[in-house]
Ligand code: CA
Ligand code: ZN
């Protein structure tokens, strides 16, 4: 299997001007190693968080050039396997996250990972290993890896986990894919601005799809198909994700807009990915039992 180390190359922004560090054919399965979102700078509780290098935040391993990917195509990314390190870290601090206005100093907490649990003091938290930053180069200027958008990026969506398949619009030749920022566990919202931040390895399969219309990333797993949208406010993100999905279901199922709206009002879910990054991210979730009855595939 192809492998890619984070020592080979990392990016701090998704940018069509970056030189790829790896070129793969469509259909390639590759194991990618990642730093944690602090580039592994916080290894003990004694680390003074305010003194780490804040230029080295949210590194994504990449970019990977996928042969045959051109603007207007879709990059399909199947997450085959996710492995995480034995220790995670969380932070809080003034102006960070939902509670930042109540924090007086930066604090870090080391969270050991063992036996399928993250150990927070004596409390055991079930793991949900997931990828925070994943995406392709955007259409225009570069977007730093801390910010989400229609190219993906820092979506901090807890559904981005082993078994999930993501779909990204391709904006530049080769797509220029990258990923990083794994979490051992994270709740919807990511309220402190950190999940349980860990280094890790992801095994993924990259495939170019032709003739699929897509404006924002989508994700599917065994149970659901979802539309992910990031916007300046959570209201906008929720409403745009909803509208994109209603339009897609109406078109694919040959339903009127009013019928599709009623159906998804009854059986679809608006859910929060994160509310702490420079743009907010929401997902609209459609169960596959519904799509089966409609006899449609959304992608
Ligand atoms: Ca993140
Ligand atoms: Zn993170």
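Tabulated values for the structure
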read-out: Shape of the range 58-208, Cα gyration tensor, a/c cut at 1.5; value: oblate
read-out: Estimated FRET transfer efficiency when R0 is 51 angstrom, pair residue 124-residue 67 (beta carbons, to 0.05); value: 0.70
read-out: Fully extended contour minus Cα-Cα distance, from residue 141 to residue 188, at 0.36 nm per residue; value: 14.0 nm
read-out: Peptides ranked, highest mean first, by Cβ atoms within 10 Å: ranges 132-140, 84-92, 251-259; value: 132-140, 84-92, 251-259
read-out: Gain on full stretching of the segment that runs from residue 294 to residue 173 - 0.36 nm per residue minus C-alpha separation; value: 40.0 nm
read-out: 0 to 90° range, to nearest 10: angle between helix 234-253 axis and the chain longest Cα axis; value: 30 degrees
read-out: Extension gain (nm, one decimal) between residue 23 and residue 50, 0.36 nm per residue minus Cα-Cα; value: 6.0 nm
read-out: Angle in degrees between helix 257-267 and the longest Cα principal axis of the chain, rounded to the nearest 10; value: 50 degrees
read-out: Burial ranking of peptide ranges 71-83, 224-236, 16-28 (average Cβ count within 10 Å, highest at the top); value: 224-236, 71-83, 16-28
read-out: For the chain, calculated [θ]222 nm from helices alone, where every DSSP H run of n ≥ 4 adds -39500 (n - 2.57); value: -4000 deg cm²/dmol
read-out: Rounded FRET efficiency, nearest 0.05, which uses the C-beta distance separating residue 80 from residue 239 and R0 of 35 Å; value: 0.55
read-out: Likely footprinting exposure, 240, 102, 114, fewest C-beta neighbours within 10 Å first; value: 102, 114, 240
read-out: The range 159-220 and the range 13-34: distance between their alpha carbon centers, rounded to Å; value: 13 Å
read-out: Exposure proxy ranking, count of Cβ atoms within 10 Å, fewest first, for 182, 120, 168; value: 120, 168, 182
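Every number in this text was worked out from the coordinates using simple rules, so none of it is lab data. Owing to the predicted nature of the structure, the values given are computational and were not obtained by experimental measurement. Backbone-built Cβ (ideal geometry, glycine too); neighbour counts: all protein chains shown.
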